[in-house]
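Working notes for the structure below.
The values are calculated or read from the model by the stated rules, or taken from the named source; none is laboratory data. Since the model is a prediction, treat every value here as computed from it, not as a measurement. With ideal geometry, Cβ positions are generated from the backbone for all residues, glycine too; neighbour counts draw on all protein chains shown.
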Amino acid sequence: MQSDESIRQERYKPIIPAPRKWPVVQLSKNSKQFIEEVIDDTFDRIKEVKSTREELIEELETTLYREKLRVKRNPWKVDPPDDSEFWAGLRSELASITGNPDDPAVDEKLDELLKTIISRYANEILSKFKPSSYRFARSFVKTGFTRLLNATHVKGWSALWSKKYTLNDQLHIVGETEHIRTLAQKGTIVLLPTHFSNLDSILIGWVIHSLGLPPFIYGAGLNLFNIGIIAYFMNSLGAYKVDRRKKNLIYIETLKTYSNVALQKGVHSLFFPGGTRARSGHIEKKLKRGLLGSVIDAQRINYEKFPEENRKIFVVPVTINYHFTLEAPALINDYLKMMGQERFYVENDEYATSYKILKFLVKFFTKGSSISVSIGKGMDVLGNYVDDDGHSYDKNGQRIYTREYFMHDKKIERDDQRDAEYTKILSEKVVKEFHKINRVFSSHLAAFTAFKILQKKHPKLDLYNLLRLPDEDQVIPYEEFKKEFIFYLNYLKELNEKDEVGFASHMNQDVDKVIKHGVDNVGMYHAKRPLIFTKSGDITSENLNTLFYYHNRMMGYGLEDLK
């Protein structure tokens, strides 16, 4: 794995210099045709599973009822101004259709109503990518963040125009960087990152640009479009909208088909397979298989439509590491409330304004903390590693031909049960890869060590009582902390030698410096710090909830089972 220092000096040229040739631009130019294809394919898929009149009516009634509740109970500023009227009108129309079952055109009218709903959803999801906006957003991020970075590291107002520091000093992109650039010229890339913060989308967008890759489309929560500055960047960077309030079959199928058709057209895509931010702080263990399934489906359709071509889709896992996550207090509180129900009282610490995001960025650059983005090795849609030519190999190093896995009697055939199993296999391999390419940060290991010491000291307490420990019981003598830290560090070094986890370069310092680095950096933005040094040099916590959150980042490596 490449070191931070070497990667900073890389300068990647665009693999497709002309924006007019970017796949996402071609998609945008033909957006009307694209949306029509999404609508037609979604319609066909729903009609397959809701094949009778009664089943279709039931699904339409369910959808319209849920939309009525959403509009009434959970409206968002980003919702269309005619939202209430639109859904009320469709409810009246459905009542009129079902009230006259002898009408010979009833089935046709139901189909038209279904298509109207699908069209509404598809046009809401649609990305509005514009090359001019993309270039401006890219320039704004680079110039604004670089000036802010220099202003906080170099003395004097003139530092705002200094070029001493760049974003690459703060953002470390490591791993299979050349490999993904090569694969992007052989087929279609699907990036699958871990997801901890609402800033992840902008961060990954910048990483894609830094690697010289053309823009990707990606799903972003519709709620983010409530926030002015975030909405601008999302629209500029190719985001399509995902509304997690909508749980009905029609919306879910429209979303999956949108991803599927885009992949068929060779548009590089990104989505967070965990579905939402990891509220516990864990690296994702279980992935949402809906969009992963669309990747499998798109690969099968490519093989079916283009038998003479090898249109492969490559899956690339990515892990993101921060020393601190802006939303950690709110996220862990959500998690604890969900797990403990009435045993835990939650206070909302979520941010929802451009001002708070700007404040976070100022804090980030002022503190000088770093972010690491680790790029995994490319895999095919069955989770097999691929080489630079896109050829797939099994665990024994034998070349395999992915096309054959979709064939029956020498023909490419759709098999939903088989493809569901393939999706399960891919999901498990992506999770395994997340843990493999993840990079140990001093902050996360310090948090893990401190929390485990407190657990060992109070073995009779459950999690929720442990989180209520009195201040005086949270103090850990430094030498005791150091001994445990070294124990866990040595174990992780063994895993690192087996290529089962990565290490940030700052972990190579003297152990006392690593510990200080971890304590100083973990949750540095939060008003109440997860870890601090006492005046006597021991270690304690100001917030056990966030300490638990950062501790969770190191779960999944067997550390929790060590004595």
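Out of all the residues in the range 520-558, which are assigned to a helix (DSSP H, G or I) and modelled with pLDDT under 95?
Going through the range 520-558, the residues assigned to a helix (DSSP H, G or I) turn out to be 520-521, 544-554.
If the condition is that a residue be assigned to a helix (DSSP H, G or I) and modelled with pLDDT under 95, then ASP520, ASN521 are the ones that fit.
Could you check the range 173-220 and list, in sequence order, the residues that are of a type in the set (Gly, Ala, Ser) and either closer than 13 Å to VAL267 by Cβ or not in a helix (DSSP H, G or I) (or both)?
Of the residues in the range 173-220, the ones of a type in the set (Gly, Ala, Ser) are 175, 184, 187, 197, 201, 205, 210, 212, 219-220.
If the condition is that a residue be of a type in the set (Gly, Ala, Ser) and either closer than 13 Å to VAL267 by Cβ or not in a helix (DSSP H, G or I) (or both), then GLY175, ALA184, GLY187, SER197, GLY212, GLY219, ALA220 are the ones that fit.
Please work out which residue is surrounded by the fewest Cβ atoms within 10 Å (Cβ to Cβ), limiting yourself to the range 534-563 and to residues that are touching a helix residue (DSSP H, G or I) at 6+ places or on another chain (Cβ under 6 Å) and of a type in the set (S, T, N, Q).
It comes out as ASN545.
Surrounded by fewer than 16 Cβ atoms within 10 Å (Cβ to Cβ), of a type in the set (Asp, Glu) and not in a helix (DSSP H, G or I) - does that describe any residue in the range 92-111?
The answer is yes, given that some residue of the range 92-111 is surrounded by fewer than 16 Cβ atoms within 10 Å (Cβ to Cβ), of a type in the set (Asp, Glu) and not in a helix (DSSP H, G or I).
For GLU108, all conditions in the list (1) out of contact with any helix residue (DSSP H, G or I) (no Cβ under 8 Å at 6 or more places or on another chain); (2) of a type outside the set (Lys, Arg); (3) modelled with pLDDT of 95 or more; (4) assigned by TED's automatic domain parsing to the domain that holds HIS268 hold save one; what is the number of the exception?
For GLU108, the failing item is (4).
Give the number of residues within the range 37-64 that are of a type outside the set (A, V, I, L, M, F, W, C), surrounded by fewer than 13 Cβ atoms within 10 Å (Cβ to Cβ) and in a helix (DSSP H, G or I).
Keep residues of the range 37-64 that are of a type outside the set (A, V, I, L, M, F, W, C), which gives 37, 40-42, 44-45, 47-48, 50-55, 58-59, 61-63.
Okay, now just the ones that are also surrounded by fewer than 13 Cβ atoms within 10 Å (Cβ to Cβ), so 44, 48, 51-52, 54, 58.
With in a helix (DSSP H, G or I) added as a condition, the list becomes 44, 48, 54, 58.
So the count comes out to 4.
In the set GLU480, GLU433, which member is more than 31 Å from the chain's Cα centre (by Cα) and either of a type in the set (D, E, K, R) or assigned to a strand (DSSP E or B) (or both)? Walk me through it before giving the result.
Numbers: GLU433 fails: more than 31 Å from the chain's Cα centre (by Cα).
Exactly one of GLU480, GLU433 is more than 31 Å from the chain's Cα centre (by Cα) and either of a type in the set (D, E, K, R) or assigned to a strand (DSSP E or B) (or both), namely GLU480.
For the condition crowded, with 19+ Cβ neighbours inside 10 Å, out of contact with any strand residue (DSSP E or B) (no Cβ under 7 Å at 6 or more places or on another chain) and of a type in the set (Phe, Trp, Tyr), what is the one hit in PHE487, PHE451?
Answer to the selection: PHE451.
Of LEU263, LEU287, LEU255, LEU291, which residue is in a loop (DSSP other than H, G, I, E, B), among the hydrophobic types (A, V, I, L, M, F, W, C) and either more than 22 Å from ILE180 (Cβ to Cβ) or in contact with a helix residue (DSSP H, G or I) (Cβ under 7 Å, 6 or more places away or on another chain) (or both)?
LEU287
Starting from residues that are in a helix (DSSP H, G or I) and surrounded by 21 or more Cβ atoms within 10 Å (Cβ to Cβ), keep the ones in the range 436-448 and report whichever is nearest to the chain's Cα centre (by Cα). Outline the logic, then answer.
Applying the first criterion (in a helix (DSSP H, G or I)) to the range 436-448 yields 436-437, 442-448.
Next cut, surrounded by 21 or more Cβ atoms within 10 Å (Cβ to Cβ) only: 437, 442-448.
Numbers: ILE437: 15, SER442: 23, SER443: 21, HIS444: 20, LEU445: 23, ALA446: 25, ALA447: 23, PHE448: 23 Å.
The selected residue is ILE437.
Which residue is farthest from the chain's Cα centre (by Cα), if the candidates are limited to the range 402-420 and must be in a loop (DSSP other than H, G, I, E, B) and either surrounded by 11 or more Cβ atoms within 10 Å (Cβ to Cβ) or not assigned by TED's automatic domain parsing to the domain that holds ILE189 (or both)?
GLU413
Restricting to the range 225-251, and then to whatever is in a loop (DSSP other than H, G, I, E, B) and at pLDDT 90 or above, can you tell me which residue is farthest from ILE208 (Cα to Cα)?
At the first step, the residues of the range 225-251 found to be in a loop (DSSP other than H, G, I, E, B) are 227, 237-238, 243-248.
Pick out the ones that are also at pLDDT 90 or above and you get 243, 245-248.
Numbers: ASP243: 24, ARG245: 29, LYS246: 29, LYS247: 30, ASN248: 33 Å.
Step by step, filter the range 225-251, then rank; the result is ASN248.
Scan the range 372-395 for residues that are part of a strand (DSSP E or B), modelled with pLDDT under 95 and out of contact with any helix residue (DSSP H, G or I) (no Cβ under 7 Å at 6 or more places or on another chain) and jot them down. So that I can check it myself, show each step before the final result.
Step one: list which residues in the range 372-395 are part of a strand (DSSP E or B), which gives 372-375, 379, 385-386, 392-393.
Imposing the further condition that a residue be modelled with pLDDT under 95 reduces the set to 372-373.
Within the range 372-395, just SER372 meets the criteria.
Can you pull out the residues in the range 1-29 that are loosely packed, with under 13 Cβ neighbours inside 10 Å and either modelled with pLDDT of 90 or more or under 30 Å from GLU253 (Cβ atoms) (or both)?
Across the range 1-29, the qualifying residues are LYS13, PRO17, ALA18, ARG20, LYS21, LYS29.
Look through the range 67-101, keep the residues that are in contact (Cβ under 8 Å) with a residue 24 or more places away in the chain and out of contact with any Phe, Trp or Tyr (no Cβ under 9 Å at 6 or more places or on another chain), and return whichever of them is farthest from ASN123 (Cα to Cα).
By that ranking, first place goes to THR98.
Please list, ordered by first then second residue, the pairs with beta carbon atoms under 7 Å, 6 or more apart or interchain, first in the range 36-64 and modelled with pLDDT of 95 or more, second of a type in the set (Gly, Ala, Ser).
The qualifying pairs are VAL38/ALA122; ILE39/SER119; ILE39/ALA122.
Could you tell me how many of the residues in the range 278-334 are polar (S, T, N, Q), more than 30 Å from ASP520 (Cα to Cα) and either under 15 Å from the mean Cα position of the chain (by Cα) or surrounded by fewer than 22 Cβ atoms within 10 Å (Cβ to Cβ) (or both)? Give the derivation first.
Quick first cut of the range 278-334, residues polar (S, T, N, Q) only: 280, 294, 299, 302, 310, 319, 321, 325, 333.
Subset that is more than 30 Å from ASP520 (Cα to Cα): 294, 299, 302, 310.
Subset that is either under 15 Å from the mean Cα position of the chain (by Cα) or surrounded by fewer than 22 Cβ atoms within 10 Å (Cβ to Cβ) (or both): 310.
Residues meeting the conditions: 1.
Does SER127 fit the bill of being surrounded by 14 or more Cβ atoms within 10 Å (Cβ to Cβ), in contact with a Phe, Trp or Tyr (Cβ under 7 Å, 6 or more places away or on another chain), at pLDDT 80 or above and within 28 Å of LYS256 (Cβ to Cβ)? Please lay out each step first, then the result.
Numbers: surrounded by 14 or more Cβ atoms within 10 Å (Cβ to Cβ): yes; in contact with a Phe, Trp or Tyr (Cβ under 7 Å, 6 or more places away or on another chain): yes; at pLDDT 80 or above: yes; within 28 Å of LYS256 (Cβ to Cβ): yes.
Spelling it out, SER127 is indeed surrounded by 14 or more Cβ atoms within 10 Å (Cβ to Cβ), in contact with a Phe, Trp or Tyr (Cβ under 7 Å, 6 or more places away or on another chain), at pLDDT 80 or above and within 28 Å of LYS256 (Cβ to Cβ).
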